[in-house]
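Scroll down for the structure; my scribbles are underneath it.
The values are calculated or read from the model by the stated rules, or taken from the named source; none is laboratory data. Model, not experiment: these values are computed from the prediction. Neighbour counts are summed over all protein chains in view; Cβ atoms, including those assigned to glycine, are modelled from backbone coordinates with ideal geometry. Only protein heavy atoms, including side chains, enter the accessible area calculation; ligands, DNA and RNA are left aside. Shrake-Rupley method; radii C 1.70, N 1.55, O 1.52, S 1.80 Å.
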Amino acid sequence: MKDVPTEGNSFTEIFRELDSHYPGLSKYVLDEQGSLRKHVNIFIDGKIISDRSKLTDTFLVNSEIYIMQALSGG
Amino acid sequence: MKRTLLLGTRKAFIAYQFKNGKWKSENISFEGIPVSIAYADPRTNTWWAALDHGHWGVKLHRSNDRGNTWEEVTAPSYPEGAEIKNGVPATTRYIWAMAHGGKKFPQRIWVGTDPGGLFVSEDNGNNFQLVKSLWDHPTRKEGWFGGGRDQPGIHSIVVDPRNEERIHIGISCAGVFETTNSGKTWHIRNKGMWADFLANPDAETGFDPHILVAANSNHDIMWQQNHCSIFRSSDAALNWEDVGQKGGTARFGFAIAVAEDNPDQAWVAPANSDMTRTAVRGALCICRTDDGGKTWKDQRNGLPQEECFDIIYRHALALSGDALAFGTTTGNLFFSPDRGENWQVVNNYLPMVYSAQFAD
């Protein structure tokens, strides 16, 4: 698990900043239409987001945004 | 025979090399990751690995040093607003076919995807564009549907070396389409095919060619292992003829290969009906025709003949000269040096094999 302090008012801004540190990261988490990939979850302060397609869930300045891949496969 | 064999498997990209009369593993890359297609571009010897990450989506990597190092390129992606059906956004779900564009277009690469989009790169894979003319084809939204996968997929791309603007593609389920102008316009080439699963047997599309190939020595001779039978065309897909073995083994399956020096010699890898999809009567068999599909003979020497469940996926039967190789759904890899007369085990312990290709 990696902690990355990030600033932004929306997921668009958050992922833009993450991409500046880790180029291409957003393409692993989001598909080309901007939706969260099927087996990935995002939590805001411990609560899973509700809008997986447009990522409109809101967060606060000091919110923890937790990105998690599902445990599946074999 | 080319002396490299590339495999796309459920758990890795694997390259074998033929040395001193034996196949030995040369490279294993992307361990743990499904590789839907392992492809070598014969023009440049670039190796390509199409990855199907379970979590992180479809990715595309290339190597110019036989897999020692890999570079990720931006995978084909659907433009904003593209829809599979009305209200269903299109995203690249799977890379199911790769083909180079030929000598006239040295930087061109074609990629076929689920959910039915064909992509082209004109800069050796640095950038891919959706072929809009096919995506916007009037039959797509209502006349194409999933077969083998949840959504329609392009699994076959056949570039005619005599005219590299002429390309045939195979789509499950839609059928065979042809362009003669590098993808500007498309013609449906399903005449003579039949599909007993269609509600309307006279439908224009909805056919299920599991794989489409052209004979190296005469590109007007095309073959397909179809869901319903084996079909052959002698006029570059204008008309298809059912050449499946009535009541015999060579009927249902996924893979097909055609001899490089004889357009009438072909191999299929039969499976047990479209219901169970297991080896026919528990025995692994390759069938060969030497007369354009009029007759077929079983080739079993060296293949397991009892308690066998293997089938061979559509891209997992490869040919080079007199040599054939195939990988199976249960991770067996077989090789024949003599056009299928005798088979040798290369490995019994691989992951499920998705693709096989001989390379330099």
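What does the charge count near residue A:18 come to, summing +1 for each Lys or Arg and -1 for each Asp or Glu among other residues with Cβ under 14 Å from its Cβ?
Details: positive: A:2, A:16, A:27; negative: A:3, A:7, A:13, A:17, A:19.
It works out to a net charge of -2.
For residue B:260, tell me the accessible area in Å² from a 1.4 Å probe, rounded to the nearest 10.
Estimated to the nearest 10 Å², residue B:260 gives 80 Å².
Within a Cβ distance under 15 Å of residue B:69, other residues only, what is the Lys/Arg minus Asp/Glu net charge?
Local net charge: -2.
Return the value, in Å² to the nearest 100, of accessible area buried between chains A and B (probe 1.4 Å, both sides summed). Present the calculation step by step, with values, prior to reporting the outcome.
Values: alone 5830 and 14640 Å², together 19170 Å².
Chains A and B together bury roughly 1300 Å² of accessible area.
Name the long-range amide H neighbours of residue B:302: under 5 Å, sequence gap of 5 or more, or other chain; modelled H, no Pro or chain starts.
Long-range HN contacts for residue B:302: B:343.
Straight distance only, please: which lysines reach the Cα of residue A:2 with their own Cα at less than 27 Å, same-chain residues fewer than 8 apart left out?
Residue A:2 reaches A:27, A:38, A:47, A:54, B:11, B:59.
How many Cβ atoms of partner chains, on average, are near each residue of A:30-41 if near means within 10 Å of its Cβ?
Details: counts 2, 9, 14, 10, 3, 2, 0, 6, 5, 5, 3, 0.
Shielding by partners across A:30-41 averages 5.
Rounded, prolate or oblate: pick one for segment B:65-195, where a ≥ b ≥ c are the square roots of the eigenvalues of its C-alpha gyration tensor, a/c under 1.5 means rounded, and failing that, prolate if a/b is larger than b/c, else oblate. Present the calculation step by step, with values, prior to reporting the outcome.
Numbers: a/c = 1.73, a/b = 1.22, b/c = 1.42.
Here segment B:65-195 falls in the oblate category.
Rank by packing, highest mean first: peptides B:217-230, B:98-111, B:191-204, with packing defined as the count of other Cβ atoms within 10 Å averaged across residues. Before the final figure, lay out the partial values.
Numbers: B:217-230: 22.4, B:98-111: 19.3, B:191-204: 12.7.
Averaged packing, sorted descending, gives the order B:217-230, B:98-111, B:191-204.
Can you work out ³J(HN,Hα) from phi for every residue in segment B:27-36, in order, using Karplus 6.51 cos²θ - 1.76 cosθ + 1.60 and θ = phi - 60°, giving whole Hz and x for Gly and Pro?
Going residue by residue, I get 8, 10, 10, 6, 4, x, 10, x, 10, 6 Hz, with x marking Gly and Pro.
Quote the relative contact order of chain A in percent (integer), defining contacts as alpha-carbon pairs under 8 Å separated by 6+ residues.
Numbers: 76 pairs, mean separation 19.4, N = 74.
Relative contact order here is 26 percent.
Please report the carbon-and-sulfur percent of the accessible area for segment B:242-342; probe 1.4 Å, protein heavy atoms only, DNA, RNA and ligands left out.
Values: 1760 of 3750 Å².
That share works out to 47 percent.
Cβ neighbours within 10 Å, averaged per peptide: list B:36-44, A:56-64, B:234-242 in order, most packed at the top. Mind dumping the intermediate values first?
Details: B:36-44: 20.6, A:56-64: 11.0, B:234-242: 17.7.
My ranking of the peptides, most packed first, is B:36-44, B:234-242, A:56-64.
From the C-alpha coordinates alone, can you work out the Kirkwood hydrodynamic radius of the protein assembly as shown, in Å?
Details: mean 1/r = 0.0442 Å⁻¹.
In the protein assembly as shown this quantity evaluates to 22.6 Å.
Please compute the per residue accessible area over the protein assembly as shown with all protein chains in place, 1.4 Å probe, rounded to a whole number of Å². Don't skip to the answer; put the middle values down first.
Numbers: 19170 Å² over 434 residues.
The answer is 44 Å² per residue.
Is there a simple number for the mean count of other chain Cβ atoms within 10 Å of the Cβ of residues in B:56-64, and what is it? Walk me through the numbers before you get to the answer.
Values: counts 8, 10, 3, 3, 0, 0, 0, 0, 0.
The per-residue average across the peptide is 3.
Modelling each spin label as a point 7 Å along the Cα-to-Cβ direction, I'd like the residue A:62/residue A:25 distance in nm, to one decimal.
About 2.2 nm, to one decimal.
Each residue of segment B:185-200 in order: what ³J(HN,Hα) in whole Hz does its phi give by Karplus 6.51 cos²θ - 1.76 cosθ + 1.60, θ = phi - 60°, with x for Gly and Pro?
Coupling constants for segment B:185-200: 9, 9, 10, 7, 10, 10, 5, x, 6, 10, 8, 6, 8, 7, 5, 10 Hz.
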